[in-house]
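First comes the structure, then the notes that go with it.
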Amino acid sequence: VWGYTGWWQRLSGSLVLAVRQGQTIMAGKQYVFHFELVNPAHAQDAPEVSVLFSGTPSVFAVAVQHDVTSLLALPGSIPGDAAALKVYAAGFIVKSLAQSSALPGALNTVVISLCATSRILHVGNTTVGIHGLLGSRTDNQTLAVSPTYTTLQSDSVLSAQQPFAAQAQWSQAAGRIVLSLTRDLVPGQLYTASIRLLNPYTNQDSPLNMRISYSSTQYPYYGTMFTSTVAGAFPLHNEVQADVALGDDAVLKVYAPLFLQNFVSQTSSEAGAINNITITLETNFDLSHQHASRLFLTGLPLKSLPASGDFEHLVMCGGFSQNTFYKDVLKSYNGHEWHVVTAAAPWKAREGHQLLNTMLGTQELLLLGGR
């Protein structure tokens, strides 16, 4: 009934449509039409829109209801975004972080998800900075970046159009990672990039006041390139995923070191019998010889010992700690108090060896292997 054209008045924000000759708007019938406008360059809420008819009969201006329930086909869209001419502020509609591990000391993959509301141009050395990732054990260095580029329509990965450089600069004290752009960030496209950081060994909550910043010297508007400084710093959000414990994927949230399993059993309760003690342990952290890690088991005292003092005891020898190999021998009657038998045994210092009890009644131990 309207034809294919109308009269647009930019200053008043008015569209005038005329009923075509020979056409009639029928009572009780719904009419739907659409037209395209270029959004303003700056953020705004949806304006008040009204509709009126002139002619016979005339209808005075009536407020038009905005769509406040539909979601736009954009990552991070919320109800109300479909209200006509609501415009996002320059920045990111999606700006969130997630992690792969909350275990103490673990190598943690941190995933950064971004979706810009306006084009961020690759001009010179344009960078995106993530700030406030505090607590990591990773020293200042250049980190590898594993980026992906995802289109909303097909969810396909276009590796040839990855927007981030392969390396990023990490500052431990500031908890800052700086990503360099190799191409424009297109508005409405969801980008993800991952880096790997070492978790602390002590428990901590996810850091507060994490934020993202960027700067650009040019931006497009209505087909023209304007030169200005466009910069921003925005709070970052932690993602919540359905398949992990609530909050555990909050970046750099770390558990306290603990034993997930600790179980002890024996093979005999007969007095004087040879008894094999079995210990079952599982931790939520790694124990490495590089950190001089040792496991101490206490609380198994021998209540009755032979009068002669010639009774069974625990023996520990050699090992590696603080860049030094040892060839010492220590013994203990209770697993808690240790006594040095010798600090220089007549064999080469080593680690990774085994001690074997010959069980021949000669109180001899065989030292096997090692390096």
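The values are calculated or read from the model by the stated rules, or taken from the named source; none is laboratory data. For clarity, every value in this text was computed on a predicted model and none was experimentally measured. Don't worry about glycine lacking a Cβ; one is built from the backbone with ideal geometry, like all the others, and counts go over all protein chains shown. The protein model used for the area step is the full one, side chains on, heavy atoms only, and it has no ligands, DNA or RNA in it. Shrake-Rupley method; radii C 1.70, N 1.55, O 1.52, S 1.80 Å.
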**Report entry** Verdict on Ser96 being modelled with pLDDT under 90 and surrounded by 14 or more Cβ atoms within 10 Å (Cβ to Cβ)
**Finding:** yes
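Based on what the data block shows, is Ser58 more than 25 Å from Pro207 (Cα to Cα), open to solvent by less than 60 Å² (accessible area, probe 1.4 Å) and at pLDDT below 90?
Working: more than 25 Å from Pro207 (Cα to Cα): yes; open to solvent by less than 60 Å² (accessible area, probe 1.4 Å): no; at pLDDT below 90: yes.
Against the criterion (more than 25 Å from Pro207 (Cα to Cα), open to solvent by less than 60 Å² (accessible area, probe 1.4 Å) and at pLDDT below 90), Ser58 does not qualify.
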Query raised in the report: Taking into account only those residues within region 82-93 that are under 23 Å from the mean Cα position of the chain (by Cα) and open to solvent by 10 Å² or more (accessible area, probe 1.4 Å), which is farthest from Ser171 (Cα to Cα)?
Result: Ile93
Requested in this report: Go through region 172-195 residue by residue and tally those that are in a strand (DSSP E or B), touching a residue at least 60 places away in the same chain (Cβ under 8 Å) and open to solvent by 20 Å² or more (accessible area, probe 1.4 Å).
Outcome: 3
Query raised in the report: Taking region 205-217 as the search range and keeping residues that are assigned to a strand (DSSP E or B) and touching a Leu at 6+ places or on another chain (Cβ under 7 Å), which one is surrounded by the fewest Cβ atoms within 10 Å (Cβ to Cβ)?
Result: Arg211
Report summary line: Of those in region 104-131 that are surrounded by fewer than 18 Cβ atoms within 10 Å (Cβ to Cβ) and within 30 Å of Pro257 (Cβ to Cβ), the residue farthest from the chain's Cα centre (by Cα) is Leu107
Report summary line: Scanning region 61-81 for residues that are more than 24 Å from Thr24 (Cα to Cα), open to solvent by 70 Å² or more (accessible area, probe 1.4 Å) and hydrophobic (A, V, I, L, M, F, W, C) gives Val68, Leu71, Ala73, Ile78
Report task. Please note which strands (runs of 3 or more DSSP E) are completely contained in region 318-371 and include at least 2 residues that are open to solvent by 70 Å² or more (accessible area, probe 1.4 Å) and either at pLDDT below 80 or touching a Ser or Thr at 6+ places or on another chain (Cβ under 9 Å) (or both). Result -> 365-369
Report task. Being among the aliphatic types (A, V, I, L, M) and assigned to a strand (DSSP E or B) is the filter; apply it to region 119-139 and report the residue that is farthest from Leu208 (Cα to Cα). Result -> Ile120
Query raised in the report: Are any of the residues in region 31-38 surrounded by 12 or more Cβ atoms within 10 Å (Cβ to Cβ) and charged (D, E, K, R)?
Result: no
